[in-house]
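Below: one structure, written as structure tokens.
Every number here is computed from the coordinates shown, using simple stated rules; none is lab data. Predicted model, so just to flag it, every value in this text is computed and none were measured. So basically every Cβ, Gly included, is an ideal-geometry build from the backbone, and we count neighbours across all protein chains shown.
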Amino acid sequence: MGPEIIWKYFPHLDAYQRQQIEALDGLYREWNARINVISRKDIDNLYLHHVLHSMAIGKEVAFAPGAQVLDLGTGGGFPGIPLAILFPETQFTLIDGTGKKIKVVQAVAEALQLDNVEALHVRAEMLKGRKFDFVVSRAVAALDKLVMWSFPLLKKQMQHALPNGLLALKGGNIRSEIAALPKGSYTELFPLTDYFDEPWFADKYLVYVQQ
């Protein structure tokens, strides 16, 4: 499945954004041959399993121009790279504790001329003094850990209809993770089947946790 799956759900993308999305396949195949950031068995599913999955966040939240978003545990650049293409006027900081993965992210961002991407080899607790409107993540850790790492990094000032918080792409038994959050945590659960028809999304969710 190629980039046409993206056009199906994001028909408003301009010609430059489409070029950037089309370039992802070649870039990730080239880098994946050197540094394994996507399962070798899954590289043929790049657009469905990685790009479109990442862009699900953009179906729920339209990040404002000038907003700052942190991708915590970005791995090979997901969800940060697809979201940076989707929202070119929003600033994205992509972090990961594995240096070689950040090397791939930096190379992909540079090849795509994504001036709104900063990729750093740091852990969340090393970002003291930095503040963000939202933290996004994809298959990184349990929700209680994501909340612990994310909430100290959120700005107090809001500029979106949705209050600043954590947006996590999760699968499986997500309700047990929500139940493990501190009492009084406000969460919303969005099934990805609300956005996408493909059966692969059947057990996948976007979880929002408010600060």
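Axis of helix 15-32 versus longest Cα principal axis of the chain: the two differ by about 90°, to the nearest ten degrees.
A Förster distance of 22 Å, applied to the separation of the beta-carbon atoms of Ile5 and Ser39, puts the FRET efficiency at 0.75. Remark: spin-label model distance Asp144-Lys131 equals 2.9 nm, labels positioned 7 Å along the Cα→Cβ axis. Working note: 222 nm ellipticity from helices only, DSSP H runs with n ≥ 4, each -39,500 (n - 2.57), summed and divided by the residues of the chain, gives -8000 deg cm²/dmol to the nearest 500.
Given R₀ = 25 Å, what would the calculated FRET efficiency be for Ala23 paired with Thr193, taking r from the Cβ atoms and rounding to 0.05?
0.30
Taking the longest Cα principal axis of the chain as reference, the axis of helix 99-111 is set at about 60 degrees.
Could you tell me whether segment 31-77 comes out rounded, prolate or oblate from its Cα gyration tensor? Rule is a ≥ b ≥ c as square roots of the eigenvalues, rounded for a/c under 1.5, then prolate if a/b exceeds b/c, otherwise oblate.
Here segment 31-77 falls in the oblate category.
Projecting the Cα atoms of Thr90, Gly129, Thr74 onto the charge dipole of segment 4-210, computed from C-beta unit charges around the Cα centre, puts Gly129 farthest toward the positive end. Over all projection directions, the Cα-based convex hull of the chain averages an area of 11.0 nm².
Relative intensity of segment 62-159 on a log10 scale, I(q)/I(0) at q = 0.14 Å⁻¹, equals -0.46, per a Debye sum over C-alpha point scatterers of equal strength in the absence of solvent.
Note on Asn173 and Phe151: their simple-model spin labels are 2.4 nm apart, each label 7 Å out from Cα toward Cβ. In this entry, segment 132-179 is assigned a mean projected area of 3.6 nm², taken as a quarter of its C-alpha convex hull surface. If you count Lys pairs in the chain whose Cα atoms are under 16 Å apart, skipping same-chain pairs closer than 8 places in sequence, the total is 10.
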